[in-house]
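Please read the structure below before turning to the comments.
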Amino acid sequence: MLSPSTEVDAGSAPRSGPHSRLQDALSAAPSAIVLVTVAIATSAGLLVSVGQHRWWTVLPLAVALAAAMWRHVVSADPHPRAPLAGALLVGGLLAWTIVNIVFAAEYLIVLRDPGFLTLSGMWLVDHASTDIPASGAVQAAALQANLIPDASQAWNLLGDVVQPQGAKMLPATIAVGGWVAGTTGVLAANVVVGASGLSAIYLLARRVLSPMAALAPAAMMALTVAHIGLSRAPYTEPLTLLLVVASMLWTWQGVTNRSRLLLLSGAFVSGLTTFVRIDGALIAVGVLLGAVAALSTSDAPRRWRTTSALLFAAVQTVTLAGGYLSLHRWSQAYLDRLSGEAIGAIAVFAAGLAVSVVWAACWGSRLRADRVIPAISARLGQRGSLWASGLVVAVLLFMVSRPWWMIARRGTESSDDKFANGVIQQFQESAGFAVDPTRTYAENTMTWISYYLTWPIVVLAILGFAIITYRALRRGQGWWVLLASVLPSTLLYLWRPSIIPDQIWAIRRFEPSTLPGFVIAAAIAAWWLTQRLASAARRHKGRRVAAIAFIVLPLTTWVSIVPGMDPVAGVAVNVFMKEMDGARAQVDDLCAAIAGRPVVLAGTSSHFGTIRVGCDVPVVLALVEPTPETLAKMIDVFGEAPVVVTREQDWFDWTTEPGTVVDSTVTHSGYSLQRIPVTYITRHYAWRIGVVNTDGTVTPLATTGEVASAG
């Protein structure tokens with residue numbers, strides 16, 4: 001069934017005649033895109049971790065990294081169809097990037113992670129680190145109880161600075177866009193990262209498919225609602241995807257080409273995932289295990305393989321540790337709050353590291369532990385390898401079946417459980433579902449993947465993982481990298497995603513490695529099936545049908561069909577609308593009204609970072625009514641009169657009736673538990689703004705209508 005002769009052509013037959021520079025450039029363009037983007041992200045992530053994120057430090061280091069790796073990573077693909085595939089890929093990425101930049105999110109208000117990540121990126125455009133000075137807000141907040149100089153979770157006070165939560169590589173990377181095009185560049189930068197991730201998927205697929213066939217998984221990923229939505233707003237997953245897929249690619253190439261530099265580059269880049277996400281170690285450990293397994297099956301000299309495996313483990317471990325140290329330095333409260341998740345990820349990695357190091361250390365001529373996988377493969381034979389492939393299919397089908405017989409629930413004791421249960425209850429009530437707040441919906445994780453890839457692709461992917469398992473057992477080397485880097489973390493998150501289960505939020509767990517792994521596995525299966533057709537003409541037709549399916553199937557997820565209701569219930573809002581549309585104009589209006597003065601933000605924490613970063617003024621958050629005496633004393637603390645920004649009119653003694661100074665509407669996608677979101681939420685903001693007087697009263701600013709009349 002899965003004999004070695006059935007592998008789809010990944011040939012490198014030389015082109016006849018001289019290679020033109022244009023042809024070589026087109027075939028090498030995908031690897032150049034990946035290298036340049038990884039170099040920029042690496043430089044930005046490392047330098048922000050030492051508080052030196054400046055254009056004159058980040059860009060030269062990025063150029064140096066790209067130049068050092070260029071001849072090892074960027075080369076012309078000799079396959080005769082590679083220039084055409086490269087041209088199609090580059091053209092498609094350019095179109096994809098332009099369209100998605102037009103719809104790039106304006107996530108400047110903190111409702112979820114992209115809010116503080118965007119604002120952190122904006123701050124880094126003009127600052128060397130993400131530590132934001134409180135600038136007198138600590139002293140002003142101390143004047144009255146329940147006035148605070150930071151905001152819960154997203155903005156945490158440490159000494160006299162406010163630290164935005166989260167790892168810093170993504171904000172540092174999108175800040176590079178700010179050096180090019182200001183705020184627009186910051187908002188658009190993650191789209192470029194998403195496009196580079198698609199190029200990496202093409203290159204990884206190219207290891208096992210022909211150039212034109214390798215376009216299929218890249219095209220499918222580009223058209224999924226998940227990748228579109230997560231790239232338009234600064235989610236961390238597209239950058240994690242780029243690093244993980246690049247690490248798989250370079251590790252595979254390093255094993256095949258016996259290049260220690262490429263191997264260690266794969267180790268380093270996979271370790272960088274902790275500079276992006278707190279759970280990066282869970283994905284990195286799969287790359288480590290895959291690399292060691294691949295090296296154990298290589299025909300390279302044993303000493304070279306042993307040294308390479310141990311160096312791989314060492315480089316990855318040091319890099320991962322650097323990511324957690326960076327997180328501790330620049331987001332200490334966040335790391336403390338999610339210490340359980342961090343410790344769990346580190347424990348899993350430590351176990352994988354111990355297995356890898358002990359195993360590689362026993363590859364000597366006496367113990368010969370490197371022969372374990374070849375010995376198992378020989379013992380299994382072709383039939384046993386087929387049974388092993390069948391076991392993988394059975395496990396994945398077990399995951400598919402869980403909604404038929406299982407309801408997953410969480411506890412009710414911890415504060416995290418209570419928070420999640422409250423959110424789930426709100427979502428269930430708004431959707432008209434039966435209220436069961438302890439449900440995690442974890443039994444539906446494979447269904448979540450089908451929302452974005454469709455069931456035909458999921459079925460093909462299951463077959464594809466069987467083929468990958470068979471080839472790993474029969475051929476070894478790079479196949480182990482692909483299998484181990486994708487399947488363990490996928491099964492872990494399929495069983496326990498540990499995330500609020502609304503879409504597209506929940507699919508974040510599967511964006512970095514699972515979705516790329518699934519589309520590549522599905523493509524392997526599709527082209528393997530076409531090879532089974534009897535004639536060349538039928539095989540050619542089958543490949544065309546497969547290529548069309550990989551484009552059409554994700555497009556079907558853009559429209560929601562609900563039986564028994566209006567045939568078209570809605571369209572995927574993450575594709576057809578701009579997330580947080582209106583937020584940028586609101587920030588501009590707020591900053592114009594604030595005019596560089598300190599701010600007392602009363603009644604809401606959502607705009608703490610928005611004003612502190614967007615307007616670059618100190619902010620005191622008032623969760624209770626500030627007394628006139630408190631407001632009057634703030635004038636002395638700040639050395640000037642602060643302004644009150646609020647939607648709570650009754651909290652202050654206004655000298656005259658306040659009107660709405662900034663009137664704004666912001667639109668974002670709705671929260672959907674059991675489908676891709678097809679509804680949107682409109683939030684109306686009516687801000688009243690006034691200047692604090694020496695007696696603690698507040699003089700309201702002129703409203704927009706009054707200013708227009710005076711003009």
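When the charge dipole of the chain is built from unit charges on Cβ atoms (+1 for Lys and Arg, -1 for Asp and Glu) and taken about the Cα centre, the candidate among A378, G352, A233 whose Cα reaches farthest toward its positive end is A378.
Where does the chain land at 222 nm, in deg cm²/dmol rounded to the nearest 500, when only DSSP H runs of n ≥ 4 count, each adding -39500 (n - 2.57), divided by all residues? Counting only the DSSP helices, I get -20500 deg cm²/dmol. What the Cα convex hull of region 240-367 gives, in volume per residue, is 80 Å³.
Taking 0.36 nm per residue of separation and subtracting the current Cα-Cα distance, fully stretching the chain between S415 and V395 would add 3.9 nm.
By how many degrees, 0 to 90 and rounded to 10, does the Cα axis of helix 21-49 deviate from the longest principal axis of the chain? With both axes taken from Cα atoms, the answer is about 50 degrees.
Modelled spin labels at R647 and A351, positioned 7 Å past Cα toward Cβ, are 4.6 nm from each other. Quick one: dipole size for region 547-671, taken about the Cα centre, charges +1 on Lys/Arg Cβ and -1 on Asp/Glu Cβ, in debye to the nearest 20. Using Cβ point charges on Lys, Arg, Asp and Glu, region 547-671 gives about 520 debye. Estimated from the Cβ-Cβ distance and a Förster radius of 60 angstrom, the FRET efficiency linking W405 and R371 is about 0.90. When the charge dipole of the chain is built from unit charges on Cβ atoms (+1 for Lys and Arg, -1 for Asp and Glu) and taken about the Cα centre, the candidate among S450, V571, A602 whose Cα reaches farthest toward its positive end is S450.
Straight-line cross-link reach from K168 at under 29 Å between alpha-carbon atoms covers these lysines, not counting any fewer than eight positions away in the same chain: K418, K578. By the count of other C-beta atoms within 10 Å, a proxy for reagent exposure, E106, E629, E511, E657 are ordered fewest to most as E657, E629, E106, E511. Bridgeable lysines around K541 (alpha carbons under 17 Å apart, same-chain partners fewer than 8 residues away excluded) are absent.
A simple spin-label model places the labels of V99 and W304 4.5 nm from each other, with each point 7 Å out along Cα-to-Cβ. When both region 573-610 and region 28-92 are represented by their alpha-carbon centers, they are found 34 Å apart.
Scoring 681-690, 338-347 by mean Cβ neighbours within 10 Å over their residues and listing the highest first yields 681-690, 338-347. Using a simple spin-label model with points 7 Å from Cα along the Cα→Cβ vector, what separation in nm is obtained for D636 and A536? With each label placed 7 Å out from Cα toward Cβ, I get 9.3 nm.
Peptides 240-251, 523-534, 89-100 ranked from most to least packed give 240-251, 523-534, 89-100, packing being the mean of other C-beta atoms within 10 angstrom over each peptide's residues. Placing +1 on the Cβ of every Lys and Arg and -1 on the Cβ of every Asp and Glu, with no other charges, gives the chain a dipole of roughly 4740 debye about its Cα centre. As a rough guide to protection, the peptides 205-213, 478-486 ranked by mean Cβ packing within 10 Å, highest first, stand as 478-486, 205-213. Can you give the angle from 0 to 90° between the axis of helix 237-257 and the longest principal axis of the chain, with both taken from C-alpha atoms, to the nearest 10? Approximately 30 degrees, to the nearest 10. For the chain, C362 have no disulfide-compatible partner, since no other Cys C-beta lies under 4.7 Å from theirs. Helix 415-431 and the longest principal axis of the C-alpha atoms of the chain enclose an angle of approximately 90°. For region 15-149, the dipole from Cβ point charges (+1 on Lys and Arg, -1 on Asp and Glu) about the Cα centre works out to 440 debye, to the nearest 20. Amide hydrogen proximity for S672: with H placed 1.01 Å from N in the peptide plane, the residues at 5 or more positions away or on another chain lying under 5 Å are Q503.
Throughout, read-outs are computed from the coordinates displayed, never taken from laboratory work. Here the structure is a predicted model, which is why all the values come from computation and not from measurement. Positions of Cβ are generated from backbone atoms using ideal geometry, with glycine treated the same way; all protein chains shown enter the neighbour counts.
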